[in-house]
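Heads up, the thing below is written out as C-alpha cells.
The values are calculated or read from the model by the stated rules, or taken from the named source; none is laboratory data. Here the structure is a predicted model, which is why all the values come from computation and not from measurement. Heads up, the Cβs are rebuilt from the backbone with ideal geometry, glycines too, and the neighbour counts pull from every protein chain shown. In case anyone asks, the SASA skips ligands and DNA or RNA and just uses the protein heavy atoms, side chains included. Shrake-Rupley method; radii C 1.70, N 1.55, O 1.52, S 1.80 Å.
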Amino acid sequence: MRVRVGILQYTPGRSPRESSARVKELLGGMNVEADVVLLPEYANVYPAGIPTGELRGRAESIEESVFAGALEWAAAEYGVYVFSGFLEKSGDCIYSSVVMARPSGGVEAVYRKVMLFDALGYRESDVLCRGGDPPRLVEAAGLRVGAIVCFELRFPEMARGLALQGAELVLVPAAWYRGPGKEEQLRFLAQARASENTVYLAVASMAGPDFVGRSMLVDPMGFVAVDAGAREAYVEAVVDKDYLRDVRKALPLLELQPVARRAMELALEKAEPAEDDRGG
C-alpha cells in the first residue's frame, strides 16, 4: 500500500484571514495528488515580530476559525486529510495545536504541544499554555498517524511514544527559527527520529525571513526522500507500507525496546551518585 504525502511550506499571513487566502492561492496553483497534506506550525498566523499580546489576540477557536474553513475547503477540494499547525484559543489558554480536516468534512484538534520552546533566547511559554495530553494516533488514508510539534523533535521520547503505539507516519509541523547550524540540526534530528523508530516522518517547516524552511519526508531507514529547500514550495513523496514492514523486519528496534529500557535501568542502578549527591 502506497500513500502520497504532500507538504506545503509557506509563509502565513499576519492574520488567519490572510493565511486562509494564502493556502487557497498556493494549493490552487499546485497539482495536488496526495492523500495526506501537512502544513507548518502556526500555519494560521505568522508568529515572528508580533508582540505577545497581539499574537494571543490573533489566535482562534476551532469552532469559529476562518482558517479552519480553508483547511476544510482543501480537504474537500482534493479529497485529502489535511493536518496543520494551528494557534488555538481555548478558554483562557492559547495552544500550539495540530488540527486535522477530513475529506468528509469537519476539523478537530488531534494534539496540543507539550514541550514549549523555552530555549535559545525564546520564551514560548510567555504566550502558550502547555498541552495536557500525550501524542495520540489517528487513522488517515489507511495510515496510523501521530503528530509532535517543532521543538519536540529534539526529545526522542516524543516520537518513540508514537512509534510504540504503532505509528506508521509521524507528522512534525514546525516553525524552525533561523540561526547558526539550525538547518543542519533540523535535518539530522528528523533523520534520527525516523531511523531510530523505523517510521516515516514528515516535517512541514515554515518559510519566511525568520524561518529555515527545509521541509522534508524521511523514510524509516533515515533517508530523506524529498527536501523542499528554503523558499515557499509544495512537495509530495510516497509512504510505502510494504517497505516499512520490510525495514521493521530487518531492524526490529521497537521489538527490542524493552531490552534497551531494562539495560538502562540496570545501568542507573549501578551508577555511582553524582558528586553533589554524596554526603559529607
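Values as computed for the structure displayed
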{"read-out": "Residue check, Val107 closer than 30 Å to Glu33 by Cα, at pLDDT 95 or above and open to solvent by less than 30 Å² (accessible area, probe 1.4 Å)", "value": "no"}
{"read-out": "Selection status of Glu72, open to solvent by 60 Å² or more (accessible area, probe 1.4 Å) and not in a helix (DSSP H, G or I)", "value": "no"}
{"read-out": "Residue in segment 171-188 that is buried (at least 17 other Cβ atoms within 10 Å of the Cβ), at pLDDT 95 or above and under 22 Å from Leu256 (Cα atoms) present", "value": "no"}
{"read-out": "Ile50, sole failed condition from (1) surrounded by fewer than 17 Cβ atoms within 10 Å (Cβ to Cβ); (2) touching a residue at least 60 places away in the same chain (Cβ under 8 Å); (3) more than 22 Å from Gly229 (Cα to Cα); (4) not hydroxyl-bearing (Ser, Thr, Tyr)", "value": "(2)"}
{"read-out": "Options Leu162, Leu153, Leu143: the member that is open to solvent by less than 10 Å² (accessible area, probe 1.4 Å), touching a strand residue (DSSP E or B) at 6+ places or on another chain (Cβ under 6 Å) and under 16 Å from Glu41 (Cβ atoms)", "value": "Leu153"}
{"read-out": "Which numbered condition Ser61 misses (of (1) buried (at least 20 other Cβ atoms within 10 Å of the Cβ); (2) touching a Ser or Thr at 6+ places or on another chain (Cβ under 7 Å); (3) free of Cβ contacts under 8 Å to residues at least 40 places away in the same chain)", "value": "(1)"}
{"read-out": "Answer from Leu120, Leu128 - the residue that is modelled with pLDDT under 95, part of a loop (DSSP other than H, G, I, E, B) and either among the aliphatic types (A, V, I, L, M) or open to solvent by 30 Å² or more (accessible area, probe 1.4 Å) (or both)", "value": "Leu120"}
